[in-house]
1. Assuming Val93 fulfils every condition listed in (1) under 21 Å from Phe164 (Cα atoms); (2) open to solvent by less than 20 Å² (accessible area, probe 1.4 Å); (3) not small (Gly, Ala, Ser) apart from one, which condition is it?
2. Kindly indicate the residue of segment 37-47 that is in a helix (DSSP H, G or I) and either in contact with a strand residue (DSSP E or B) (Cβ under 8 Å, 6 or more places away or on another chain) or β-branched (Val, Ile, Thr) (or both) and also most open to solvent (accessible area, probe 1.4 Å) among those meeting that condition.
3. Which one of the conditions (1) among the aliphatic types (A, V, I, L, M); (2) open to solvent by 50 Å² or more (accessible area, probe 1.4 Å); (3) in a helix (DSSP H, G or I) does Val183 fail to meet, given that it meets all the rest?
4. Among the residues in segment 73-95, are any β-branched (Val, Ile, Thr) and under 19 Å from Arg181 (Cα atoms)?
5. Give the residues of segment 123-152 that are outside any helix (DSSP H, G or I) and surrounded by 13 or more Cβ atoms within 10 Å (Cβ to Cβ), sorted by residue number.
6. How do the pairs read when you match residues in segment 130-142 that are closer than 17 Å to Pro153 by Cβ with residues anywhere that are modelled with pLDDT of 80 or more and not in a loop (DSSP other than H, G, I, E, B), using Cβ under 7 Å and keeping only pairs 6 or more apart or on different chains?
7. Which of the residues belonging to segment 79-100 are modelled with pLDDT under 95 and outside any helix (DSSP H, G or I)?
8. Of all residues in segment 163-180, count the ones that are of a type in the set (Asp, Glu) and not in a helix (DSSP H, G or I).
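The values are calculated or read from the model by the stated rules, or taken from the named source; none is laboratory data. Keep in mind that this is a model prediction, so the values were computed, not measured. A quick note on method: Cβ atoms are made from the backbone with ideal geometry, for glycine too, and the neighbour counts reach across all protein chains shown. Side chains included, ligands, DNA and RNA excluded: accessible areas come from the protein's heavy atoms. Shrake-Rupley method; radii C 1.70, N 1.55, O 1.52, S 1.80 Å.
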Amino acid sequence: MRVLRVVCGLDAEFGGPPAVAANSVIAVAQTRVHTTVVFPHRNADRAAEEPAARAMADAGVELRCFPLNRQFRKFNRTWGVSTSLARWLWQHVGEYDLVHVESPWGLHCLAAVAAAKRYRRPIVLMPHECFTRFDLSHAHNPVLRGLKHLLLPLYRWAFDTVIFSSSLEQRDSPGAWPAPRAVVIHHPDRKSTRLNSSHT
């Protein structure tokens with residue numbers, strides 16, 4: 001089985017998803033599932049230096065990095081606009097059996113959804129608390145806050161499964177997907193992966 005993991009970013013600007021995604025990827029890699037991780041970065045030449053990237057590379061995970069579009073500047077800190085990543089997904093998703101997206105808010109997610117539907121590949125999402133009431137109602141920019149609500153119906157239709165990290169997160173994220181397609185899978189224990197204190 002070949003799994004494609006689409007991550008919004010692996011640097012500290014993107015908050016929790018880098019470490020959580022890396023731990024999850026490493027745990028899956030330890031079961032010998034072939035996994036490729038694709039992600040955008042503000043400096044693609046130095047992306048391999050990120051702790052999460054080093055940990056996954058040490059575990060034998062294939063990594064592909066794509067540059068962020070410079071003209072979007074600060075907007076990229078949260079939405080990770082990389083048209084080169086979007087093009088790659090459109091061309092290559094058909095080579096994989098499953099698409100797993102980390103975090104819904106960004107071009108990486110929309111591009112992954114479009115490509116997965118093009119090739120009729122199953123697609124799952126780990127929202128990292130982005131569907132909670134707090135996240136949906138406290139975006140600093142009212143335009144972005146409205147955009148999140150507009151995207152919910154698309155994601156409700158598009159994703160085959162939404163993976164929550166806890167029952168609390170699931171309960172606090174109402175109405176964004178059909179209940180039979182929502183599951184709770186706790187984050188892997190860091191001790192069971194190779195992303196340990198030496199990489200932080």
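1. Of everything listed in (1) under 21 Å from Phe164 (Cα atoms); (2) open to solvent by less than 20 Å² (accessible area, probe 1.4 Å); (3) not small (Gly, Ala, Ser), Val93 misses just condition (1).
2. Our first condition is that a residue be in a helix (DSSP H, G or I); within segment 37-47, this holds for 44-47.
Going one step further and asking which of them are either in contact with a strand residue (DSSP E or B) (Cβ under 8 Å, 6 or more places away or on another chain) or β-branched (Val, Ile, Thr) (or both), we end up with 44, 47.
On the way: Ala44: 40, Ala47: 2 Å².
That would be Ala44.
3. Going through (1) among the aliphatic types (A, V, I, L, M); (2) open to solvent by 50 Å² or more (accessible area, probe 1.4 Å); (3) in a helix (DSSP H, G or I) one by one, Val183 breaks only (3).
4. So far as segment 73-95 goes, no, none of its residues is β-branched (Val, Ile, Thr) and under 19 Å from Arg181 (Cα atoms).
5. Listed by number, the residues that qualify are Ile123, Val124, Leu125, Met126, Pro127, His128, Glu129, Cys130, Phe131, Thr132, Ala139.
6. Close Cβ pairs (under 7 Å, with a partner that is modelled with pLDDT of 80 or more and not in a loop (DSSP other than H, G, I, E, B)) amount to Leu136/Lys148; Leu136/His149.
7. Gly80, Val81, Ser82
8. The qualifying residues number 1.
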